[in-house]
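These notes concern the structure reproduced below.
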Amino acid sequence: MSSTVSSGGGRTTREEYKKQKELEEARKAGNAPAEVDEDGKTINPHIPQYISQAPWYLNKEKPSLKHQKAFASKETGYYDNDWYERGAKAGPAATKFRKGACQNCGAMTHTAKFCCERPRKLGAKWSGKNIAQDEVSKDLNLDFDGKRDRWNGYNPDTYSKVIEKHDKLDAERRKIRKEEGVKEGDKELMDMLSEEEEEENDDEEFVKPTRRNSTETNSRTRPSRSGPIRPSRHNNTR
């Protein structure tokens, strides 16, 4: 009697193979209940065998489609969504040089080749002084997107410093221009600077945080009922 190899690696007879095919056809027609995996979820009977059949080295005794998904998913928490702590130090510095530490600064978390401190005239290995603290290091297990995310680890709060820097530069530039206008007696320049200051004050008042339901807007014109929006001289249409 001839036999065939089953998906589990064992051999089945011709009658068993025929029954299995009939059951598959019945499931596709909806005359038999669908197959259930390990988690109790139904498997679509129209999925081809080369997709539903697990490789032999996984030793799958029960039907499942887990081999078609990532072995570590975000639901299980296997992948890390964290990032390195920039500049964080791990505890106090050592008092003696330790074997395997950086010969330049004395930290254990890197070698002299990757040391970011300036090269010392006499390294910590030979001087035994000013040993640097160990950096906080993490072994992150990132997924496909995490490895290729160019903004991973970026803190958007740091951009406020850039805004403050440009605001200070604009205020200083305006102050210098105002002093020059006073010295030269340029009335047009003084008027332009005063208009810019008024516009900035209006913008600050408009952007002030208000209560969630304090303002009402018209769906057609979109202006606030608390007051019309003043047109800026920079946005005048020709």
Tell me, which residue of the range 12-41 that is under 47 Å from the mean Cα position of the chain (by Cα) and among the acidic types (Asp, Glu) is most open to solvent (accessible area, probe 1.4 Å)? Glu25
Let me confirm something: among Lys168, Lys113, Lys178, which residue is assigned to a helix (DSSP H, G or I), over 28 Å from Ala90 (Cβ atoms) and either modelled with pLDDT of 90 or more or among the aromatic types (Phe, Trp, Tyr) (or both)? Lys168
Enumeration of residues in the range 124-163 that are in a loop (DSSP other than H, G, I, E, B), hydrophobic (A, V, I, L, M, F, W, C) and open to solvent by less than 60 Å² (accessible area, probe 1.4 Å): Ile131, Ala132, Val136, Leu140, Leu142
Test result for Pro92, at pLDDT below 90, open to solvent by 60 Å² or more (accessible area, probe 1.4 Å) and farther than 30 Å from Met192 by Cβ: yes
Do we find that Ser52 is polar (S, T, N, Q), open to solvent by less than 50 Å² (accessible area, probe 1.4 Å) and either at pLDDT below 85 or in contact with a Leu (Cβ under 6 Å, 6 or more places away or on another chain) (or both) in this structure? yes
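The values are calculated or read from the model by the stated rules, or taken from the named source; none is laboratory data. No experiment lies behind these values; they were computed from the predicted model shown. Heads up, the Cβs are rebuilt from the backbone with ideal geometry, glycines too, and the neighbour counts pull from every protein chain shown. These area figures cover heavy atoms from the full protein model, side chains too; ligands, DNA and RNA do not enter into them. Shrake-Rupley method; radii C 1.70, N 1.55, O 1.52, S 1.80 Å.
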